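Colleague: Provided herewith is a single structure, encoded as structure tokens, for subsequent inquiry.
The values are calculated or read from the model by the stated rules, or taken from the named source; none is laboratory data. Quantities reported herein were computed from a predicted structural model and do not represent experimental measurements. Here the Cβ is made from the backbone with ideal geometry for all residues, glycine too, and neighbour counts use every protein chain on show. Ligands, DNA and RNA are stripped out before the accessible areas are found, and what is left, the full protein with its side chains, is counted by its heavy atoms. Shrake-Rupley method; radii C 1.70, N 1.55, O 1.52, S 1.80 Å.
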Amino acid sequence: MDRGVGGVAGPGVWSRQERGRAADAVGAVVLGGCATWSLISAAGRDARPEGVLLAVFAVAAGYACGRISGTLLPVAAASAISVGALGLAIVSPVGVPGVYTSAPVQPGHLGATAGLLVLAAGAACSAAAAAGPRAARRGLRLLALAVVVTAVTLESVTGAVAAAGVLLCALATARMQRRALALVGLALAAALVTAVSWGVAKNALPDGLTGSLKGGLTHHRVALWHDAVELAEDDPIRGAGPGRFGVLSPTALDSVGSDGKPHSAPLQQAAEQGVPGVVLLATAFGWLLYGLWRSPRPTPVVLSAAAALTALAVVASASNALSFAPVTAGAGLLAGLATARVAGSHPPEGNRSSPAALGLASRS
């Protein structure tokens, strides 16, 4: 990290923090757009935009809390988030605190557990990257490994694979200094998975590839995806309206105990909020990566969080993980922690906002 005299952050870190304020402004616009469009797409219909509004609020609140706690106690806060997310994944089969059910847990619900496990692994890896003592770093990486083992114990194959991927990415980027290329690669990976899920829903992929992909999915979920595409094609601008998929999807109506969701965040946005909803969802993910690119935190911390958020996006492309407030709030917390400004940093004395003053201070 670029540090100045007496532990004060140097001009390089301060300039990144100044640019980070632009990312905050972009985030406010993006989240505001998501909330506004959900209300527009629900206007004049028997729709329920409350779920979208709750998700937006959870991300915003989590992000704000993460920024505050990340500035004051970055390692302790990240460790607490990791343990908390891991605990929620263990005690609740559907990813919601205090919710238990005697009915079989649907495959889409397992995405919530996988999402919490991914966030737990990402927070542990971010804490390890920010920790100073070598023993602390090793202990926190062991915590991330414990998340992977717990996922195996819970029989969450998706959670185990995704958490292991986050841990491997964190280890591979432990000494990386350039973050832009890695962030672009993660964004492309998320886009590729989303495109593949859309191709499965549209039967647009080669037969061999479609057959192999459907082998890892249930027939019920693929049928839900087909219904989502049909609803999106019926009204590509406003969609069917938030919360209306369950009453318009023949597959959901014929399913006992259906939660009324297509178990894919991009396809749900397309079906219920049209193309603008999908664009806003992609923009929200892009904003998180943009904020991480501008973050004053060390690159290993940033890339650990980015890997976890990308893994969560992949999990959400084939489940309803983002329908659970603990998952969306946890994503905001992790992003806030990884973009929090360095504690005790301030511009050099004199003209604190002048680039010239920053340059003179660095040479003095």
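Colleague: Tell me the Rg and the Dmax, in Å, that the Cα atoms of region 188-273 produce.
Modeller: For region 188-273, the Cα-based Rg and Dmax read 12.6, 37 Å.
Colleague: While we're here: Order the peptides 22-31, 304-313, 194-203 from the highest to the lowest mean number of other Cβ atoms within 10 Å of their residues.
Modeller: Ranking, from highest mean packing down: 304-313, 194-203, 22-31.
Colleague: Provide the packing ranking of 289-298, 137-146, i.e. peptides ordered by the mean count of other C-beta atoms within 10 Å per residue, highest first.
Modeller: 289-298, 137-146
Colleague: From the mean inverse distance of alpha carbon pairs (Kirkwood) and the Cα radius of gyration, derive Rg over Rh for region 26-81.
Modeller: Answer for region 26-81: 1.17.
Colleague: Based on the Cα gyration tensor of region 251-305, what are the three equivalent ellipsoid semi-axes, each the root of five times an eigenvalue, rounded to whole Å and given largest first?
Modeller: Over the Cα atoms of region 251-305, the semi-axes work out to 34, 15, 5 Å.
Colleague: Taking the alpha carbon gyration tensor of region 145-291, what are the square roots of 5 times its eigenvalues, largest first, to the nearest whole Å?
Modeller: One finds semi-axes of 30, 20, 15 Å for region 145-291.
Colleague: Equivalent ellipsoid semi-axes for region 131-216, as square roots of 5 times the alpha carbon gyration tensor eigenvalues: give them largest first, rounded to whole Å.
Modeller: With the √(5λ) rule applied to region 131-216, the semi-axes are 32, 20, 7 Å.
Colleague: Follow-up. Leaving ligands, DNA and RNA out of it, report the carbon-plus-sulfur percent of the accessible area of region 133-291 at a 1.4 Å probe.
Modeller: Roughly 66 percent of what the probe reaches on region 133-291 is carbon or sulfur.
Colleague: At a probe size of 1.4 Å, how large is the accessible area of Val229, to the nearest 10 Å²?
Modeller: It works out to around 10 Å².
Colleague: Next question, about the same structure. Once you list every other residue whose beta carbon is under 14 Å from the beta carbon of Leu171, what net charge do they have if Lys and Arg are +1 and Asp and Glu are -1?
Modeller: Around Leu171, the surrounding residues sum to +4.
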